[in-house]
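Everything below concerns the one structure shown next.
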Amino acid sequence: MSISVRQVPSDPVAAPLLAFLHADMFPIPEQWDAESFASLLSGHGIRLWVAERSGEDVVGFLLAREVVDEAEILTFGVIPDMRRHGVGRMLLDAFVRDLRQQGVTQLFLEVAVTNGPACGLYEQVGFSRAGYRKNYYPDGGDALVMTASLSG
Ligand SMILES: CC(C)(COP(=O)(O)OP(=O)(O)OC[C@H]1O[C@@H](n2cnc3c(N)ncnc32)[C@H](O)[C@@H]1OP(=O)(O)O)[C@@H](O)C(=O)NCCC(=O)NCCS
């Protein structure tokens, strides 16, 4: 099995596929529908990275927004069958490498305080905790704000 990661154009045509994958990756209250993805994908500074198995099936993706020298990860996931094979790490590494090349210096994200796998991965790639948002999620869950400095 070979996994490859690449940036693809931010095109609303990808919205149904992203919504389908998102439904497999996240619990119901956190799932985004195709309409939400289409609206995001047509915005400014949106970056979409996908992980593909054997150059075909998309098994993970990362959607982010870049504004001048800062970027924010909007959503990111790997389908359940493909977790713990390094796919999430590959996506994050490729994305961060590209941001550095473009001179982006700061990366942000929000993650549920209860999301151990994601927090573990973010800490592994150098994110640190920068804030706390109470009742951030639709189910009332709290979020951590995490940040990574990409300069230096
Ligand atoms: C978080 C997520 C993207 C990780 O993807 P993945 O491909 O399974 O991660 P990787 O295999 O690249 O793991 C890299 C590191 O992350 C951490 N990690 C990943 N899954 C973990 C788990 N279930 N438990 C503990 N640590 C975990 C580990 O530090 C791991 O390194 P290791 O394998 O050397 O121990 C995936 O679990 C996922 O899609 N979860 C649901 C969606 C989600 O929560 N997205 C993040 C929203 S902020």
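The values are calculated or read from the model by the stated rules, or taken from the named source; none is laboratory data. All of these numbers come straight from a predicted model, not from anything done at the bench. Note: ideal-geometry Cβ built from the backbone for every residue, glycine included; neighbour counts use all protein chains shown.
So Arg65 passes all but one of these: (1) surrounded by fewer than 16 Cβ atoms within 10 Å (Cβ to Cβ); (2) within 14 Å of the chain's Cα centre (by Cα); (3) among the charged types (D, E, K, R). Which condition number does it fail?
Every listed condition holds for Arg65 apart from (1).
For the range 65-82, what are the residues that are touching a strand residue (DSSP E or B) at 6+ places or on another chain (Cβ under 9 Å) and either near the ligand (Cβ under 8 Å from one of its atoms) or among the basic types (Lys, Arg) (or both)? Please lay out each step first, then the result.
Step one: filter the range 65-82 for residues touching a strand residue (DSSP E or B) at 6+ places or on another chain (Cβ under 9 Å), giving 65-66, 69-79, 81-82.
Across the range 65-82, the qualifying residues are Arg65, Ile73, Thr75, Phe76, Gly77, Val78, Ile79, Met82.
With Ser39, Ser54 as the choices, which residue is surrounded by fewer than 17 Cβ atoms within 10 Å (Cβ to Cβ) and modelled with pLDDT of 95 or more?
Ser39
So, Val87, is that one within 7 Å of the ligand (Cβ to nearest atom), closer than 23 Å to Asp142 by Cα and surrounded by 18 or more Cβ atoms within 10 Å (Cβ to Cβ) or not? Show your work before the answer.
Numbers: within 7 Å of the ligand (Cβ to nearest atom): yes; closer than 23 Å to Asp142 by Cα: no; surrounded by 18 or more Cβ atoms within 10 Å (Cβ to Cβ): yes.
So Val87 does not fit the description; no.
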